[in-house]
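The values are calculated or read from the model by the stated rules, or taken from the named source; none is laboratory data. Remember, it's a predicted structure, so these values are computed and weren't measured experimentally. Positions of Cβ are backbone-derived with ideal geometry, glycine not excepted, and every protein chain shown enters the neighbour counts.
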Amino acid sequence: MKAPFVEFKDVWLAYNDELLAQGHYAVEGIDLQVQRGEFIAIVGPSGCGKSTFMKLTTGLKMPSKGSIRIDGQAVTGPLKISGMAFQAPSLLPWRTTVENVLLPLEIVEPYRGQFKKKRPEFEARARALLQKVGLAGYEDKFPWQLSGGMQQRASICRALIHEPQMLLLDEPFGALDAFTREELWCILRDLQAEQQFNVILVTHDLRESVFLADTVYVMSKSPGRFVVKRDIDLPRPRELELTYSKAFGDLVFELREHIGAVRKPAA
């Protein structure tokens, strides 16, 4: 068995020393092993610690107890091997779409030191990526000229432009309409299948988690801990028609029961 790409060992986090002294944790007892190239989703009720888990994974927060290793290395600070996208695309309004996508290459080493010299090469990479997500013809538009779905596509390109080993997604499609959201599921599915980067997706959308992930983890109410690990054994590649099947619906219902959204009637 190969060493896991992401490994949490009994990880606890309190947000400050006072809360730690009182034994008040945001997440507790997190154990996790993710293999290289795996796509996992984290679901759970609001305030359960999903975003806290993401901060731990990126190295933006250090655990109060326990250890985290990614790609065989202990996490001691912000990671350079990951890309991130959030619910709000947060594109800079004074930069064109392609200029927004290029931003990580301007600020992250080793690309930063090569940026002026290799700009034509980097820009060609950015334009090719934008074409893959359906933004051909919009590369030189400004964010205010793009729809919300287009902005989110550009945000995902920005997260992937430096070819990270891991993509972290925190409710990236939550603000979009259902049709656009499903379009972006398929784009993410295809990019991950092609490039085989790891994905950790935090979402409230159970259908999204079942459609995209290899494994879904359910977090309990705060303090958050994983209470269910569910392997999604639906065949790949997955098409949207699958979301109307009984097997798909049964998985969604099972997960919903675990997070308490559907309560069993009293006996």
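Summary of computed values
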| read-out | value |
| --- | --- |
| Any chance residue 83 is surrounded by fewer than 16 Cβ atoms within 10 Å (Cβ to Cβ), in contact with a helix residue (DSSP H, G or I) (Cβ under 9 Å, 6 or more places away or on another chain) and closer than 19 Å to residue 195 by Cβ | no |
| Top-ranked residue of the stretch 123-149 - restricted to ones that are in a helix (DSSP H, G or I) and free of Cβ contacts under 8 Å to residues at least 24 places away in the same chain, ranked as nearest to residue 102 (Cα to Cα) | 124 |
| Which numbered condition residue 160 misses (of (1) within 12 Å of the chain's Cα centre (by Cα); (2) within 14 Å of residue 201 (Cα to Cα)) | (2) |
| Residue match in the stretch 70-80 (condition: surrounded by fewer than 21 Cβ atoms within 10 Å (Cβ to Cβ) and touching a strand residue (DSSP E or B) at 6+ places or on another chain (Cβ under 7 Å)) | yes |
| Checking residue 184 against (1) without any contact (Cβ under 8 Å) to a residue 40 or more places away in the chain; (2) more than 28 Å from residue 52 (Cβ to Cβ); (3) crowded, with 18+ Cβ neighbours inside 10 Å, the condition it does not meet | (2) |
| Residues of the stretch 191-219 that turn out to be at pLDDT 95 or above and either touching a His at 6+ places or on another chain (Cβ under 7 Å) or among the acidic types (Asp, Glu) (or both), as a count | 2 |
| Enumeration of residues in the stretch 70-106 that are closer than 18 Å to residue 129 by Cα, in a loop (DSSP other than H, G, I, E, B) and under 16 Å from the mean Cα position of the chain (by Cα) | 89 |
| Counted residues, the stretch 198-235 - those being hydrophobic (A, V, I, L, M, F, W, C) and more than 21 Å from residue 249 (Cα to Cα) | 3 |
| Selection status of residue 202, buried (at least 21 other Cβ atoms within 10 Å of the Cβ), in contact with a strand residue (DSSP E or B) (Cβ under 6 Å, 6 or more places away or on another chain) and assigned by TED's automatic domain parsing to the domain that holds residue 32 | yes |
